Amino acid sequence: MIDLEEFERIKQLKYRYLRALDTNDWNLMRDCLTADCTARYDSGKYSYDGRDAILEFFTTFMSPSHILTLHQAHHPEIDLTDETHATGTWYLQDIVISTQDNFALRGAGFYHDNYVKIEGEWKINQTGYDRTYEETEERSDKLQITNNMFTQDQDS
């Protein structure tokens, strides 16, 4: 029997993970991952073993003063392998803007996740994506960030 409630809980977990990423909410991100989670981003180009290593990568790379991101995951394909394990494939679209380096990256790919249910809550135990494409461009001086939730004066 398909358990749609479990599918929905896993979808909500993935959405929280992406929100944590884009809002730099590292406590929320910590809650989404198991302690032994592994990550293989960009076909393994960026690989980390353990939740602490993943969080260190994010906190080092994702400076809210000059890195702005948008990560969206669509079209989930979730398989419950048993009552406490599942896998998921998601279509990824992302944008990364560096106001410091004045460039933007846009891309797409497929996330491949493993989930485990611990004490009644789904957590990400393994995550990563393979790119279908990535493009970068230098941002024009005419392009300005006019609202940035990470800066007090709302100008960058």
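Nothing in this text is a laboratory measurement; each read-out follows from the coordinates by a stated rule. Treat the numbers as computed from the prediction; the structure is a model and nothing was measured. As a convention, Cβ positions derive from the backbone with ideal geometry for all residues, glycine included, and neighbour counts pool all protein chains shown.
Quick notes on this one:
- C-alpha long axis of helix 4-23 to longest principal axis of the chain, angle in °: 20
- Cα→Cβ-extended label distance, 7 Å offset, between S65 and L28, nm: 2.3
- By the compact-protein rule of thumb, 2.2 N^0.38 Å, the alpha-carbon radius of gyration of the chain corresponds to a ratio of 1.10.
- In this simple spin-label model, placing a label point 7 Å from the Cα along the Cα-to-Cβ direction at both Y133 and E77 gives a separation of 2.0 nm.
- Each Lys and Arg contributes +1 and each Asp and Glu -1, all at the Cβ; summed about the Cα centre of the chain, the dipole is approximately 200 debye.
- Nearest-0.05 FRET efficiency for N102 and R19, computed from C-beta distance (R0 22 Å): 0.25
- Lysine pairs in the chain with Cα atoms under 14 Å, if 8 or more residues apart or on separate chains: 4
- Close amide-amide hydrogen proximity is noted between G50 and C37, T38, A39, each under 5 Å apart and 5 or more residues distant or on a separate chain (H modeled in the peptide plane; Pro and chain starts excluded).
- Kirkwood hydrodynamic radius over Cα pairs of the stretch 1-55, then Stokes diffusion coefficient at 37 °C and 0.692 mPa s, in µm²/s: 268
- Relative to the longest principal axis of the Cα atoms of the chain, helix 51-61 runs at roughly 10 degrees.
- In plain terms, if you count all Cα to Cα distances in the stretch 86-141 and split them into 10 Å steps from zero, the share in each step is 22, 33, 25, 16, 4, 0 percent.
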